[in-house]
Amino acid sequence: MTHIVQRQGEQAGRSYPDAKVVRSVDALLADDSVHLVVVATPNSSHFDIARRALEAGKHVVVDKPFTIASNDADVLIKLSRAQNRVLSVFQNRRWDGDFLTVKQILSQKLLGRVVEYESRFDRFRSAPKPGAWRDQALPGSGVLFDLGPHLIDQAVVLFGRPTGIYAEVRRQRDGVASDDKFELHLEYPQLSVKLSAGMLVCEPSPRFVVYGTEGSFVKYGLDPQEDALKQGGSPAQPNWGVEPESAWGTHTSCDGVVTRRKYLTLSGWYPEYYQNIYRAITGQEELAVKPEQARDVIRLIEFAQQSNAERRMIPVS
């Protein structure tokens, strides 16, 4: 990180003394030494800042959600191609250790043919944060746009685009103006996928539940990297992203005799995302998180909103 935009205050400079603090996006984009711009602003501003950065000839990473409308995502994709610049979306949870473990289990076909997949991201936060834009009635606010892109992206990485989607999106807490609970049901041939997130889940729920014709996998707990970062940790520290054995998931085999065993959680590694961005910019490898994939996630969120409003399954075209 070489530059930070902070319009007011000095916190950024204190937290990152080696970075140059600038007071506007325009000042950042005018600096020829800046080659990559990371947009980590409120969701409603993603499109405008990313567009301006691409027009200024910068490579761009946008925090999820990519945009709040899929047609805006199409505009950015077209612009990135015209400018010959890398455009990607920060889907860091492809490098969660638990998700990498589920990918490994499925690739090894340890469960046989998968028939049910459930992925949850629950928290307990009974009251909204004062002044938090995610809890306000703003475009792109709420938990569907906050956590939905992670869960949808992971499901599509595993199983491809669904044929249909059914959604229930709710406000459960007092004093919030945006959704704080959703359940999405993605339709696939011979496969049921359920994705959910909520803010009033006090008792821990499984992060992943996967059932197959020959067994199951159940995993509790969240990848440890986010909490470690919040506590001031760094990926440079030893054992980054490593889970203790007590947090490993359980693989149950039902091939005649039921057997259960702990299944080692692969180490998560968020730095791989930006390592790939660097290698993509320098032409060394293909981009891992393509903007077209992120656009498709936004389209699925739009289908989910339509499903919730019409209370029906929406075919995915």
Within the range 272-286, how many residues turn out to be of a type outside the set (Gly, Ala, Ser) and part of a helix (DSSP H, G or I)? 9
Determine the pairs where a residue that is touching a residue at least 60 places away in the same chain (Cβ under 8 Å), located within the range 73-96, has a partner that is surrounded by fewer than 18 Cβ atoms within 10 Å (Cβ to Cβ) and part of a loop (DSSP other than H, G, I, E, B) with Cβ atoms under 6 Å apart, the partner being 6 or more residues away or on another chain. SER88/LEU287; TRP95/TRP269
Counting only residues that are assigned to a loop (DSSP other than H, G, I, E, B) and open to solvent by less than 50 Å² (accessible area, probe 1.4 Å), which one in the range 185-233 is farthest from ASP146 (Cα to Cα)? GLY233
From the list VAL102, VAL89, which one is within 19 Å of TYR263 (Cα to Cα), open to solvent by less than 10 Å² (accessible area, probe 1.4 Å) and not in a loop (DSSP other than H, G, I, E, B)? VAL102
Quick check on this structure: which one of ASP174, ASP153 is assigned to a loop (DSSP other than H, G, I, E, B) and either open to solvent by less than 30 Å² (accessible area, probe 1.4 Å) or more than 22 Å from PHE90 (Cβ to Cβ) (or both)? ASP174
When both residues are 6+ apart or on different chains and their Cβ atoms are under 8 Å apart, which pairs have a first residue that lies in the range 161-173 and is on the phi < 0 side of the Ramachandran plot, and a second that is of a type in the set (Gly, Ala, Ser) and in a strand (DSSP E or B)? GLN172/GLY198
Subset tally (residues that are of a type in the set (D, E, K, R) and surrounded by 20 or more Cβ atoms within 10 Å (Cβ to Cβ)) for the range 41-57: 0
Take the range 118-137 and flag every residue that is within 27 Å of GLY241 (Cα to Cα) and in contact with a helix residue (DSSP H, G or I) (Cβ under 7 Å, 6 or more places away or on another chain). SER119, PHE121
Just one listed residue, out of ARG52, ARG7, ARG14, is farther than 24 Å from GLN275 by Cβ, free of Cβ contacts under 8 Å to residues at least 40 places away in the same chain and in contact with a Leu (Cβ under 9 Å, 6 or more places away or on another chain), and it is ARG52
Residue that is of a type in the set (D, E, K, R) and over 30 Å from TRP248 (Cα atoms), where the choices are ASP31, ASP96: ASP31
Considering only residues that are part of a loop (DSSP other than H, G, I, E, B) and open to solvent by less than 10 Å² (accessible area, probe 1.4 Å), which ones fall in the range 287-314? VAL289
Taking the stated definitions as given, is VAL38 touching a Leu at 6+ places or on another chain (Cβ under 9 Å) and open to solvent by less than 80 Å² (accessible area, probe 1.4 Å)? no
Being within 20 Å of the chain's Cα centre (by Cα), open to solvent by 80 Å² or more (accessible area, probe 1.4 Å), modelled with pLDDT of 95 or more and under 30 Å from SER216 (Cβ atoms): is that true of TRP269 here? yes
Could you tell me which residue of the range 109-142 is most open to solvent (accessible area, probe 1.4 Å), considering only residues that are acidic (Asp, Glu) and under 25 Å from ILE298 (Cβ atoms)? GLU118
State the number of residues belonging to the range 20-35 that are over 18 Å from SER80 (Cβ atoms), touching a helix residue (DSSP H, G or I) at 6+ places or on another chain (Cβ under 7 Å) and open to solvent by 20 Å² or more (accessible area, probe 1.4 Å). 1
Output the number of the condition that ALA236 fails; it satisfies all remaining conditions of (1) assigned to a loop (DSSP other than H, G, I, E, B); (2) at pLDDT 95 or above; (3) among the aliphatic types (A, V, I, L, M). (2)
ILE165 vs (1) modelled with pLDDT of 95 or more; (2) in a helix (DSSP H, G or I); (3) not small (Gly, Ala, Ser): all pass except (2)
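The values are calculated or read from the model by the stated rules, or taken from the named source; none is laboratory data. Given the structure is predicted, the values throughout are model-derived calculations rather than measurements. Positions of Cβ are backbone-derived with ideal geometry, glycine not excepted, and every protein chain shown enters the neighbour counts. Please note that ligands, DNA and RNA were not included when accessible areas were found on the heavy atoms of the full protein model with its side chains. Shrake-Rupley method; radii C 1.70, N 1.55, O 1.52, S 1.80 Å.
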